[in-house]
1. Report the residue count in the stretch 79-110 for those that are of a type in the set (Val, Ile, Thr) and loosely packed, with under 15 Cβ neighbours inside 10 Å.
2. Being at pLDDT 75 or above, over 19 Å from Cys94 (Cβ atoms) and assigned to a helix (DSSP H, G or I) narrows it down to one residue among Arg58, Arg5; which is it?
3. Can you run down the residue pairs with Cβ atoms below 6 Å, 6 or more apart or on separate chains, where the first is in the stretch 77-90 and touching a residue at least 40 places away in the same chain (Cβ under 8 Å) and the partner is among the β-branched types (Val, Ile, Thr) and buried (at least 19 other Cβ atoms within 10 Å of the Cβ)?
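The values are calculated or read from the model by the stated rules, or taken from the named source; none is laboratory data. Fair warning: this is a prediction, and the values are worked out from it, not measured in the lab. Glycine gets a Cβ as well: all are built from the backbone with ideal geometry, and neighbour counts include every protein chain shown.
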Amino acid sequence: MAMARFVGVMLLVLFAAISILDAHQLQVSAKEMQYHLDSSRYGPGSLKSYQCPSQCSRRCGKTQYHKPCMFFCQKCCKKCLCVPPGYYGNKAICPCYNNWKTKEGGPKCP
């Protein structure tokens, strides 16, 4: 009887955890969708070169490696004329920024 109760409680906890994870995934998807809807604001060619320093300051604002982030972000921004939204990730919105690689094959743009 105690084992059945334990299994029942564990299943309940498992379902609750899955529900929480699904809700979080929906929030992330909604945020990503917002960026896709604003593609004219973030997408390729959405910036002028004089806007790169301010957009890179936003992009690199929370990193501990601020100088290298700013250097590479501005280099990428001037080539691609876009900087992805947020502090990290979201690079798919700006394919040029996303696809520019180092000689070793790693990402060039932060």
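1. Going through the stretch 79-110, the residues of a type in the set (Val, Ile, Thr) turn out to be 83, 93, 102.
Next, from what is left, pick out any that are loosely packed, with under 15 Cβ neighbours inside 10 Å: 102.
Going through the stretch 79-110 one residue at a time, the tally reaches 1.
2. Arg5
3. So the pair list comes out as Pro84/Ile93.
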